[in-house]
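K.L.:
Below is the structure I would like to discuss, written out as structure tokens.
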Amino acid sequence: MIGHEQHDIIIAIDGPAASGKSTTARRVAKKLGYTYIDTGAMYRSVTLKALEHDMLDRLKHSPEDVRILLDPLSIEFQGDRVLLDGRDVTAGIRENRVSREVSFISSLKPVRDRLKTLQQQMGEKRGVVMDGRDIGTVIFPDAELKIFLVADAAERARRRYAELVQKNGNPASLPSLDELEREIVQRDRDDAERAHAPLRKHEDAIEVDTSSLTIDEQVELVYSLAMERISAGTSRA
């Protein structure tokens, strides 16, 4: 574990849905003794709030009305728990109805602006691992280590299905692998084509294809790269 007397850095891990960003970021942060910030959970929280307030159709016609949800917004992390406006939504934000709508909510500029401010405040002291879709390009373009994880759509669908089975325990109630793969491909398209902060790889980012990697292998790879950056910064300090 890295002590804070050494040179703390920001690690930005970007990539498409189900490429392994969150699991990798969480484990790397634990190995380094860093803070893990799940920005995807933040966008999912806003999406859940929109669904609970039955505002999806309204927002698709009047997207500026999303400010109604943002003005009283509070998102906090307590360990692995996510608190939205003071209540635990850790399980709720992983529901498939949220997964289907999060790209739309993420495309709204007021949402991105509000969460960008929150994310930059969370990482201003460095010593953080942050994952998402625009961390290296928009939130922290000065991050010392930028990673861009990719994997083929079929593999990502298998991962998402396994995650849903583990969380729900009833495969009969879940979408099929084909449905999940179609949703993932559509979400990739939506994320890449949105007007505000589209998904793209920063020119300084290291691309890692995780299709054939175990989670342990990708964690060790990113951890090794982080140690190189930390050591380099400490030697210059």
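The values are calculated or read from the model by the stated rules, or taken from the named source; none is laboratory data. Source: prediction; values computed, not measured. Cβ atoms come from the backbone with ideal geometry, glycine included; neighbour counts cover every protein chain shown. Accessible surface is based on the protein model in full, side chains and every heavy atom, while ligands, DNA and RNA are left aside. Shrake-Rupley method; radii C 1.70, N 1.55, O 1.52, S 1.80 Å.
K.L.:
Being under 23 Å from residue 107 (Cα atoms), touching an Asp or Glu at 6+ places or on another chain (Cβ under 9 Å) and aliphatic (A, V, I, L, M) is the requirement here; does residue 197 meet it?
P.N.:
Yes, satisfied.
K.L.:
Here's a follow-up. State all residues of region 96-114 that are open to solvent by 40 Å² or more (accessible area, probe 1.4 Å) and either without any contact (Cβ under 8 Å) to a residue 40 or more places away in the chain or out of contact with any Leu (no Cβ under 9 Å at 6 or more places or on another chain) (or both); if no residue qualifies, say none.
P.N.:
100, 109, 113
Here's the yes/no breakdown for (1) basic (Lys, Arg); (2) touching a His at 6+ places or on another chain (Cβ under 9 Å); (3) more than 23 Å from residue 151 (Cβ to Cβ); (4) in contact (Cβ under 8 Å) with a residue 60 or more places away in the chain:
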site: 10; (1), (2), (3), (4): no, no, yes, yes
site: 20; (1), (2), (3), (4): no, no, no, yes
site: 37; (1), (2), (3), (4): no, no, no, yes
site: 41; (1), (2), (3), (4): no, no, no, no
site: 44; (1), (2), (3), (4): yes, no, no, no
site: 62; (1), (2), (3), (4): no, no, yes, no
site: 76; (1), (2), (3), (4): no, no, yes, no
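K.L.:
Shifting gears a bit: Got a number for residues in region 207-219 being in contact with an Asp or Glu (Cβ under 9 Å, 6 or more places away or on another chain) and buried (at least 16 other Cβ atoms within 10 Å of the Cβ)?
P.N.:
1
K.L.:
Now for a separate question. For region 188-210: of the residues being in a helix (DSSP H, G or I) and not acidic (Asp, Glu), which is modelled with the lowest pLDDT?
P.N.:
192
K.L.:
Please enumerate the residues belonging to region 52-88 that are farther than 22 Å from residue 139 by Cβ and crowded, with 18+ Cβ neighbours inside 10 Å.
P.N.:
Passing the criteria: only 59.
K.L.:
Can you tell which of 222, 185 is part of a helix (DSSP H, G or I), out of contact with any strand residue (DSSP E or B) (no Cβ under 9 Å at 6 or more places or on another chain) and surrounded by 13 or more Cβ atoms within 10 Å (Cβ to Cβ)?
P.N.:
Being part of a helix (DSSP H, G or I), out of contact with any strand residue (DSSP E or B) (no Cβ under 9 Å at 6 or more places or on another chain) and surrounded by 13 or more Cβ atoms within 10 Å (Cβ to Cβ) holds for just one of 222, 185, which is 185.
K.L.:
Which of the residues that make up region 188-206 are loosely packed, with under 12 Cβ neighbours inside 10 Å and of a type in the set (Asp, Glu)?
P.N.:
Correct list: 193, 203.
K.L.:
Also, I was wondering about something else. Taking region 115-172 as the region of interest, how many residues are in a loop (DSSP other than H, G, I, E, B) and either open to solvent by less than 50 Å² (accessible area, probe 1.4 Å) or closer than 23 Å to residue 103 by Cα (or both)?
P.N.:
So the count comes out to 8.
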